[in-house]
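Below is one structure. I have some questions about it.
Bear in mind these aren't lab numbers, they're just calculated from the coordinates by the rules spelled out. All values reported here derive from a predicted model rather than from experimental measurement. Please note: Cβ atoms are built from the backbone with ideal geometry, for glycine as well, and neighbour counts cover all protein chains shown.
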Amino acid sequence: MKQNEYLNIHPEVAEALAARKPLVALESTIIAHGMPYPQNVETALEVEEIVRKNGAIPATIAVLDGKLCVGLNREQLEMLGNSGGVWKVSLRDLPYVVSKHIAGATTVAATMRIAAMAGIRIFVTGGIGGVHRGAETSMDVSADLTEMAQTSVAVVSAGVKSILDIGLTLEYLETGGVPVVTFGQDEFPAFYSRNSGFASPLRLDSAAAIASMLKAKWEMGLSGSVLIANPIPASMEIPYAQMEVTIKEALEQAEKLNIRGKNLTPFLLKTIAGNTEGESLASNIALVKSNAALGATIAVSYHG
Ligand code: PSU
Ligand code: MN
């Protein structure tokens, strides 16, 4: 198929796919646009290590030299994390950056689609995009949500950041037929905080139970994602009320500077990290690592 000509699958990933070993896809926007250098590259490498320790093979995804790359080497990770001009690539951007050979870091939406092309079913990230606050006038709804409604790759995240409208995001996922399951608690988590004020639509308490739900969904022929929300480890959480103040400030700054569209999420993340003197960055790193361990365990169970 022509599609394969655009895929560049790392030999280790190809071998794992052929042997039906558990694999975990990882995104690269979080590296290029979600965290500062050098913590971004260090975290990317550590996350891959955690996936391995938990029995799965990591496949970080990005667009390089006109190819959809599945599995990156250290040099490629370093380049994504430490050079300006790397595109933030969501679904709509894929044909442009591929045909122009632009280096691109993939969002949840683009990473899911490429993972599906390669045959990977489990994907780990920090936070997904969603329905932005004020979306009733801006119509800013991340392509991550429409992608989750159609592409059969499960997404492990720490819930939804309250830079977004958490309630509307949950509504949108319901409309799209996307099950939202929180690991080990009744409340849906809000990324930095274990609590969000919203009940989780579903709860499961083990990786095996989550893997069996994924099997049931896809074996029935129900296409689309499952959002698995993994609350941040308690020792690293920032209380919701405290984070809310910082997030409101960041939203006001974005409004004042007229930041919109694809620049909004990276701007908010950067402003929040700056305004919390790195506390939010440490939490962000901790939750991604925790998600990597859970995602790998789910992948092992799914393949077992
Ligand atoms: N939320 C985070 N960290 C991130 C992102 C979101 O806490 O790095 C990134 C992800 O790559 C996500 C993307 O897919 O931002 C969503 O961007 P947008 O809202 O423009 O769709
Ligand atoms: Mn948007």
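Express in nm, to one decimal, how much length is gained between Glu252 and Ala234 on full extension, taking 0.36 nm for each residue of separation and deducting their alpha carbon distance.
Working: separation 18, 0.36 × 18 = 6.48 nm, distance 2.88 nm.
Difference between extended and current length: 3.6 nm.
Next up: From the Cα gyration tensor of segment 111-191, with a ≥ b ≥ c the square roots of its eigenvalues, which class applies: rounded if a/c is under 1.5, or else prolate if a/b is larger than b/c, or else oblate? List each step's numbers first, then the result.
Values: a/c = 1.89, a/b = 1.28, b/c = 1.47.
Oblate, because a/c is 1.5 or more while a/b does not exceed b/c.
Further question on the same structure: Mind jotting down the distance between the C-alpha centroids of segment 129-143 and segment 1-57, whole Å?
Taking the Cα centre of segment 129-143 as reference, the centre of segment 1-57 is 29 Å away.
May I pose another question? Which whole-Hz ³J(HN,Hα) couplings does segment 85-100 yield from phi under the Karplus relation 6.51 cos²θ - 1.76 cosθ + 1.60, θ = phi - 60°, glycine and proline marked x?
Values, residue by residue: x, 6, 6, 8, 10, 9, 3, 5, 7, 4, x, 5, 5, 5, 5, 9 Hz.
How would you classify segment 7-303 from its alpha-carbon gyration tensor, with a ≥ b ≥ c the square roots of the eigenvalues: rounded for a/c under 1.5, else prolate if a/b is greater than b/c, otherwise oblate? List each step's numbers first, then the result.
Numbers: a/c = 1.39, a/b = 1.12, b/c = 1.25.
Judged from the Cα gyration tensor, segment 7-303 comes out rounded (a/c under 1.5).
Determine the alpha carbon to alpha carbon distance for each of Lys161/Lys248; Lys21/Lys215; Lys217/Lys262; Lys21/Lys53 and list only those over 24 Å.
Values: Lys161/Lys248 12 Å; Lys21/Lys215 16 Å; Lys217/Lys262 32 Å; Lys21/Lys53 14 Å.
Going by Cα-Cα distance, Lys217/Lys262 fall outside the 24 Å limit.
Taking the beta-carbon count within 10 Å as an exposure proxy, list His132, His10, His101, His303 from fewest neighbours to most.
Values: His132 23, His10 19, His101 12, His303 16.
In order of increasing Cβ crowding within 10 Å: His101, His303, His10, His132.
Helix hunt in the chain: which complete DSSP H runs extend at least 27 Å axially by C-alpha with mean Kyte-Doolittle at least 0.0?
Result, helices passing both filters: 279-303.
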